[in-house]
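Chemist: Can you read through this structure? Questions will come right after.
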Amino acid sequence: LRVVFTPIHRRGEGISGTIAMLHDITEQEQLEDARREFVANVSHELRTPLTTMKSYLEALDDGAIEDPALAHRFVGVMRNETERMIRLVNDLLHLSRLDSRKALISRVPTHVPDMLEEVADRFSFQLDQKEISIEIEVASGIQEVMLDRDQIDQVLDNLVSNAIKYTPEEGSIAIRARKTEKEWLEIVVQDNGIGIPRKDLARIFDRFYRVDKARSRNMGGTGLGLSIAREIVKAHGGTISLDSELNQGTRVTFALPVHRMEGEAV
Ligand code: ADP
C-alpha cells in the first residue's frame, strides 16, 4: 500500500487541508507480473516451434532434401508446427479481442438441442477414430435461447476437443443441458478420461497453464482453450467451473443467464 498526501490550497489561505490517497500497489504489481509472465509465455510458445522448424530446415539444407522420403517427412513436421503456430496466434488474437471488450456479444435465437448435436457432428471423425462414444441429453423445456452462437460454439468446441484429447480410446463423453434454479442455461461437458491432479485445478483456467506441457503440445494444444472459454462465458455474464478426479474424468460446467427473446411472454 502506498500513501500519497496532497495539500489542499485555497486562494489566500495557504494550505487548508490534506488529502491522503491510498494506492494498492500490490494489485498493480500483480497485474504487471501477470503481463510479464504472459509475454514470456507467448515468446516461449512461439520460439519452440520456430526452433524445431529451423533444425529441420538445416537438416534439409545439409542433404536430407536429396532423400525424397526423408524430405517428405520433414516437410510434414514443419507443416504441423506451422499449423500450431497459426492456431496459437489466432487464439491470442481472440483473447486480446475479448480482453479489450471489442468482441461484442451478439445474441441470436439458438435452438439448444440442435447446437449440441452440431458440436458432436463437428467432432464425429475424431470420435470415431478413438472409438469414443458421445451422449447428448437436453432437459425437456429447453428449446430456443438467446446467445452468441459463434462464441458459444467456440466454448463447446474447446471443451469437447479437450474431452477427446484427454480421454483414452473407447472412453465416453456426455454433454448435458438443463435450466438452473435461477433459470440460467447450464451446459455440462463430462468425460471419463485421464483427469487432472488436484494440485493443478486452481490454475487450470490460467493462460498457458497445462498439466503436462509435452502431452498438450503433442496433441496440438495451445494451452489457451480453457482461458478463451472462460472469457467468452464471462462476456455473456455467466460462470464456468471445472471438477476433475485423476484417472476418473473431468467435468466442465458453464451457465449463462438466459435473455428472453423479443415478444416472448415473461
Ligand atoms: P490445451 O491446448 O493444452 O488443451 P486448455 O487451456 O484447453 O489447453 O487446457 C489446459 C490444460 O488443462 C490441458 O493442457 C490439460 O492438461 C488440462 N485439461 C483440459 N481439459 C481436460 C480434460 N477434459 N481432461 C483432462 N485434462 C484436461
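Chemist: For Glu231, are the conditions met, namely being open to solvent by less than 30 Å² (accessible area, probe 1.4 Å), under 29 Å from Ala34 (Cα atoms) and either within 12 Å of the ligand (Cβ to nearest atom) or over 13 Å from the mean Cα position of the chain (by Cα) (or both)?
Modeler: The answer is yes for Glu231.
Chemist: Okay, moving on. Restricting attention to segment 169-189, and to residues there that are outside any strand (DSSP E or B) and more than 11 Å from the ligand (Cβ to nearest atom), which single residue is least open to solvent (accessible area, probe 1.4 Å)?
Modeler: In this case the residue turns out to be Thr180.
Chemist: Do we find that Arg35 is of a type in the set (Lys, Arg), touching a Ser or Thr at 6+ places or on another chain (Cβ under 8 Å) and open to solvent by 40 Å² or more (accessible area, probe 1.4 Å) in this structure?
Modeler: Considered against the rule, which asks whether it is of a type in the set (Lys, Arg), touching a Ser or Thr at 6+ places or on another chain (Cβ under 8 Å) and open to solvent by 40 Å² or more (accessible area, probe 1.4 Å), Arg35 comes out as no.
Chemist: I'd like to check something: does segment 190-204 contain any residue that is closer than 30 Å to Leu104 by Cβ, open to solvent by 30 Å² or more (accessible area, probe 1.4 Å), touching a helix residue (DSSP H, G or I) at 6+ places or on another chain (Cβ under 6 Å) and more than 6 Å from the ligand (Cβ to nearest atom)?
Modeler: No, segment 190-204 contains no residue that is closer than 30 Å to Leu104 by Cβ, open to solvent by 30 Å² or more (accessible area, probe 1.4 Å), touching a helix residue (DSSP H, G or I) at 6+ places or on another chain (Cβ under 6 Å) and more than 6 Å from the ligand (Cβ to nearest atom).
Chemist: All but one of (1) within 16 Å of the ligand (Cβ to nearest atom); (2) out of contact with any helix residue (DSSP H, G or I) (no Cβ under 8 Å at 6 or more places or on another chain); (3) polar (S, T, N, Q) hold for Ser140; which doesn't?
Modeler: (1)
Chemist: Taking the residues in segment 158-168 that are within 8 Å of the ligand (Cβ to nearest atom) and open to solvent by less than 50 Å² (accessible area, probe 1.4 Å) as candidates, determine which candidate is nearest to the chain's Cα centre (by Cα).
Modeler: Step by step, filter segment 158-168, then rank; the result is Asn158.
The values are calculated or read from the model by the stated rules, or taken from the named source; none is laboratory data. It should be emphasised that the depicted structure is a prediction, and the values quoted were computed from it without experimental measurement. Cβ coordinates were reconstructed from backbone atoms using ideal geometry, including for glycine residues, and neighbour counts include every protein chain displayed. What goes into the accessible areas is simple: the full protein's heavy atoms, side chains included, and nothing from ligands, DNA or RNA. Shrake-Rupley method; radii C 1.70, N 1.55, O 1.52, S 1.80 Å.
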